[in-house]
Each structure stands twice: as structure tokens, then as C-alpha cells.
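Each remark here refers to the structure printed beneath this line.
The values are calculated or read from the model by the stated rules, or taken from the named source; none is laboratory data. Everything quoted here is computed from the prediction, not taken from an experiment. Heads up, the Cβs are rebuilt from the backbone with ideal geometry, glycines too, and the neighbour counts pull from every protein chain shown.
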Amino acid sequence: MLPSPHPLRPSTRRTSTAWRAWRFRVTLSAPTFICLLTTLAIASAAHASSQVTLSDLKSSAKFDPDNGLVEWKINGKNYLKQQWFWYRIGPTGPEYSLSTLPDQVVTQPADNILTLKYADPSKGLKVSAVFVLSGVDSGIQSDISETITIKNTGTGSMSLHFFQYADLDLGESDKITFPDGHSVRQEASTGVVACETVITPPPRYREVHEVSTTLYKLNADGVPTTLDNTLTASGDVSWAFQWDVTIPAGGSFQISKDKQITPEPGALTFLVLGGLLTAMRRKSSVRSV
Ligand SMILES: [Ca+2]
């Protein structure tokens, strides 16, 4: 009995053109398809490009994959120009923005939550971060908590220098101080205060300067930077933290911190007293009617 012909193979009576087309389809079907899938997978993990807006009650925050957090609004007023991270591996070379890492996945699991997964496998560096925005339904009050996990996916230990830069604008002229090794405080004559507390671990270095100074060190000076521990400044100022850590192969390092914008305590007391006085006036006017 003769074997049955291949179900997909063109009959030998068909033209040679049909035969070549069949062979082309078979050649494409396996490795090329896998290659296409790989290309699509790489594309989906590649550089994130669109902005994400978080919201909770009267607060919102905007994240830009190239510049980090670029807006923090309460009741429609923006208090933040930029907050983002830079890194350097080893003692030499410049710092790099986290945005330069080639693999980026940005997700928003809830209206007020942002998660980032950035990585450069060639450097053995993988960074994940979770931002949670918490607002209130009235008044100037908002909170952003951040947990950043940095993993060494390489085969040797990693000497990592990690930087956070923050430029908030609370008023025309702001004053920044570092009350202790864990926290920074920014205030303005507008009666608004911004505080960040590093829950763990404390940064090794910090500094405050006019806005362009620290950003130039991190973005453009081309040399390794160590923050200079300048602890107070006023005007159009920004601040930064620096963590220095050695991460073993396969190990990780986690930073947990919380940032708040609130009325300064004096202003809060004034507002409460003002509210009480108004209530007392209303009560006495009701009695006198
Ligand atoms: Ca530098």
C-alpha cells in the first residue's frame, strides 16, 4: 500500500511556485514564530513611556518614567517639581538616573498605588518600588509612602551608591533643614510643611542646595559624587539623600520611607482656634436672637 501524501504538502502535480511557498511557510512556522514572540516580549518590557497619575481624595501625584514623580497636588495646587532616584555602582564614573535602566515595567494596581520594576541584567541591577498616595477630603494634607528594593542579580558583590533627589515648592522661598539623621523638613511662609522620614535605613550622606546644584552633580558633572552634608539652606532649594551599601550576590537592600505635606503645627493650631472662635460667635449670636 502506498503511503498517504502529507496533508499540507502540495501535490507533486502542482507548480514549483506552490512548493516554494509551502516550504517558506514551514520554514517560518517554528523558529521565526519564537523569534517574533521574543521580540514582542522584549518590547513589552522595554522603556516605559507614558505618564501615570495617582489619586486619592483631594490628592494626586504624577509619575513620569523619565523623571520620576513630577507633580504632587493637594486641592489642585502642585507642591512638587521632581523627586527621583540616581545610582552609581563602584567608586568611579558618573551617576545615572534610574530612568536609564533598559528594562522597565510600570503598573498601577489601584488608583493610589504605583509599582515600578526597573532592571539592567548586564549590570546585575534590579530595582522595584511601590508608591502609595494617601489624601484627605479637606485641608492641606497628603502622604506618599515608598518602599524601594534593590537586588543584586549578578555573581559578585555590588558596591552601590543610591541617591534620592527632591525638589518641592511650598512657597516663594522655602527653608530646608535636617532635624536628625532620619528626616528632612521643608517649610515656607505659606504655613505649609513637607517632611520626609526614612523609616529604615538612615542615609549616610545628605545635602540641601539651590535647585541646580545637586541635580548637576547627579546628572552632568561626569564624576563620582558624595553628598556634602550641607544641612540647611533657604530660597529655591532642593535636598538629597545618599545610601552607600555593599550588596552580596543574590542579596537585596530595602529603603522604606514616608513623605507628608501638612499645615505647620502653628498654622494648624491657628486654624483650630479660628474654628472654635467662629463656633463660639455663632453660639452667642443664636442666644442673643
Ligand atoms: Ca556626579
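Please enumerate the residues belonging to region 220-241 that are under 22 Å from the mean Cα position of the chain (by Cα) and within 14 Å of R185 (Cα to Cα). Scanning region 220-241 gives V237, S238, W239, A240, F241.
Can you name every residue in region 231-257 that is crowded, with 16+ Cβ neighbours inside 10 Å and within 16 Å of the ligand (Cβ to nearest atom)? Scanning region 231-257 gives S238, A240, F241, Q242, W243. Of the residues making up region 202-230, those that are assigned to a helix (DSSP H, G or I) and either of a type in the set (D, E) or within 12 Å of the ligand (Cβ to nearest atom) (or both) are T213, T214, L215, Y216, K217, L218, N219. All conditions in (1) at negative phi; (2) modelled with pLDDT under 95 hold for G135, with the sole exception of (2).
Taking the criterion of being more than 16 Å from the ligand (Cβ to nearest atom), part of a loop (DSSP other than H, G, I, E, B) and among the small types (G, A, S), the only residue of region 51-92 that qualifies is G76. A count restricted to region 136-154 and to residues that are buried (at least 20 other Cβ atoms within 10 Å of the Cβ) and farther than 18 Å from E196 by Cβ stands at 2. Scanning region 152-168 for residues being touching a helix residue (DSSP H, G or I) at 6+ places or on another chain (Cβ under 8 Å) and either of a type in the set (G, A, S) or part of a strand (DSSP E or B) (or both) gives a total of 4.
Could you identify the single residue in G156, G93 that is over 14 Å from the mean Cα position of the chain (by Cα) and modelled with pLDDT under 95? None of the other options fit; the residue is G93. Residues in region 173-201 that are in contact with a Gly (Cβ under 9 Å, 6 or more places away or on another chain) and farther than 22 Å from T149 by Cβ: S173, D174, K175, E187, A188, S189, T190, G191, V192.
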